[in-house]
Amino acid sequence: MSCGDCKTSIFRQKIGRCKRCMWQLTALSAIGWPLWWLYYDAPRDVNSIALLFFCTAFTGLLALHLIVLAYRRLRGRE
């Protein structure tokens with residue numbers, strides 16, 4: 001799971017530092033939420049529910065990255 005920018009695969013050390021992961025999560029969220037609106041008319045459809053879970057996971061992980069990034073910048077660790 002490690003990328004070229006990160007030298008370790010420990011999740012705790014990568015969160016908030018891996019710019020590549022943050023860009024990927026931003027792209028997946030930007031693509032996923034408009035797609036979910038296409039399936040919004042059928043909220044009980046399997047496609048709609050699965051896409052909602054994936055979009056929520058992408059956006060949640062991106063939010064976690066950004067919160068930890070802001071915390072590290074405010075604490076002066078980066």
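No value in this document is a laboratory result; all are computed from the given coordinates. The structure displayed is predicted, hence computed values, not measured ones. Here the Cβ positions follow ideal geometry from the backbone for every residue, glycine too, while neighbour counts run over all protein chains shown.
Local charge sum around residue 25 (other residues, Cβ-Cβ under 14 Å, Lys/Arg +1, Asp/Glu -1)? Mind showing how you got there, number by number?
Details: positive: 14, 17, 19, 20; negative: none.
With Lys, Arg at +1 and Asp, Glu at -1, the neighbours total +4.
Applied to segment 47-52, the Karplus parametrisation 6.51 cos²θ - 1.76 cosθ + 1.60 on θ = phi - 60° returns per-residue 3J(HN,Hα) values of 4, 5, 5, 5, 5, 5 Hz, with x for Gly and Pro.
Using a/c under 1.5 as the rounded threshold, could you call segment 21-78 rounded, prolate or oblate? The axes a ≥ b ≥ c are square roots of the C-alpha gyration tensor eigenvalues, and prolate needs a/b larger than b/c, oblate otherwise. It is prolate, given that a/c is not under 1.5 and a/b is the larger ratio.
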